[in-house]
1. Can you tell me which residues in the stretch 161-174 are surrounded by fewer than 13 Cβ atoms within 10 Å (Cβ to Cβ) and either more than 19 Å from Glu115 (Cα to Cα) or β-branched (Val, Ile, Thr) (or both)?
2. Only one of Val57, Val140 is more than 20 Å from Gly158 (Cα to Cα) and either β-branched (Val, Ile, Thr) or in contact (Cβ under 8 Å) with a residue 24 or more places away in the chain (or both); which?
3. Just need a number here: residues in the stretch 133-169 that are of a type outside the set (Gly, Ala, Ser) and within 12 Å of Arg123 (Cβ to Cβ).
4. Looking at the stretch 61-80, is at least one residue surrounded by 13 or more Cβ atoms within 10 Å (Cβ to Cβ), β-branched (Val, Ile, Thr), part of a strand (DSSP E or B) and not assigned by TED's automatic domain parsing to the domain that holds Asp145?
5. Could you say whether any residue in the stretch 49-56 is surrounded by 16 or more Cβ atoms within 10 Å (Cβ to Cβ) and within 13 Å of the chain's Cα centre (by Cα)?
6. Could you tell me whether Ser52 is at pLDDT below 95, outside the structural domain of Asp145 (by TED's automatic domain parsing) and in contact with a helix residue (DSSP H, G or I) (Cβ under 9 Å, 6 or more places away or on another chain)?
7. So, Arg73, is that one at pLDDT 95 or above and closer than 18 Å to Gln139 by Cβ or not?
Amino acid sequence: MKTRIFKILVLLLCLGLFSPAALHAEEPPEAPVVEGFRSDERPLPRFVSLRSNKVYVRAGPALRYPIKWVYKREGMPVEIVQEFENWRKVKGFDNEDGWIHQSLLSGERTVLIKEAEDLVPMREGFSQDARMVARLESQVVAGIDKCAGQWCRIEAGGYRGWVERNFLWGIYEDENLN
């Protein structure tokens, strides 16, 4: 039995898989730095929108990874949560995530109307008392112009007006947009 263990140790030494110095190492070596993450200096996370009406979301940051699903809605807001070279890991309003090539993303800001019990009112001014301009269904994608406090001015379906921020997905609670 001892001879067999000795032969295995000799074989491992010859193959370079085992070194006597490794038995006495005090600290493991530092993990290698993975190059490619944080491709640019813009903040993470951040919101962007889809540039096309057919965007493949992949399981990883390359074409070799399988497609998880396909977005079929140009302008849909998504949140970039990670970067790797030309790929962006995004999270959608449903909290699902995946990787999209940066060429399929736009810096144009949009928002999505969240699920609500009733249609969401769009108003002329940023007040509950302001005249109603339109009522928006959930899942409507709208361009966003600016925000003032808890109200944001958006444009959807040819209408422009103010909507309460809590009805919108695609802008952070404390984000200023002018």
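The values are calculated or read from the model by the stated rules, or taken from the named source; none is laboratory data. Note that the coordinates shown come from a computational prediction; the quantities given were computed from them, not determined experimentally. Here the Cβ positions follow ideal geometry from the backbone for every residue, glycine too, while neighbour counts run over all protein chains shown.
1. Hit for the stretch 161-174 is Asp174, nothing else.
2. Numbers: Val140 fails: more than 20 Å from Gly158 (Cα to Cα).
The unique qualifying residue is Val57.
3. 13
4. Looking only at the stretch 61-80, we keep the residues that are surrounded by 13 or more Cβ atoms within 10 Å (Cβ to Cβ), and these are 61-62, 65, 68, 71, 73-80.
Checking which are β-branched (Val, Ile, Thr) leaves us with 78, 80.
Next, only the ones that are part of a strand (DSSP E or B) stay: 78, 80.
Among the residues that remain, those that are also not assigned by TED's automatic domain parsing to the domain that holds Asp145 are: 78, 80.
Yes, some residue in the stretch 61-80 is surrounded by 13 or more Cβ atoms within 10 Å (Cβ to Cβ), β-branched (Val, Ile, Thr), part of a strand (DSSP E or B) and not assigned by TED's automatic domain parsing to the domain that holds Asp145.
5. yes
6. Numbers: at pLDDT below 95: no; outside the structural domain of Asp145 (by TED's automatic domain parsing): yes; in contact with a helix residue (DSSP H, G or I) (Cβ under 9 Å, 6 or more places away or on another chain): yes.
So Ser52 fails the test.
7. Working: at pLDDT 95 or above: yes; closer than 18 Å to Gln139 by Cβ: yes.
Judged against the criteria, Arg73 is a match.
To keep it simple, each residue is scored yes or no on (1) assigned to a helix (DSSP H, G or I); (2) at pLDDT below 95; (3) under 30 Å from Leu63 (Cα atoms); (4) in contact with a helix residue (DSSP H, G or I) (Cβ under 6 Å, 6 or more places away or on another chain).
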position	(1), (2), (3), (4)
Glu83	no, no, yes, no
Arg88	no, no, yes, yes
Trp99	no, no, yes, no
Glu117	no, yes, no, no
Phe126	no, yes, no, no
Ile144	no, no, no, no
Cys147	no, yes, no, no
Leu177	no, yes, no, no
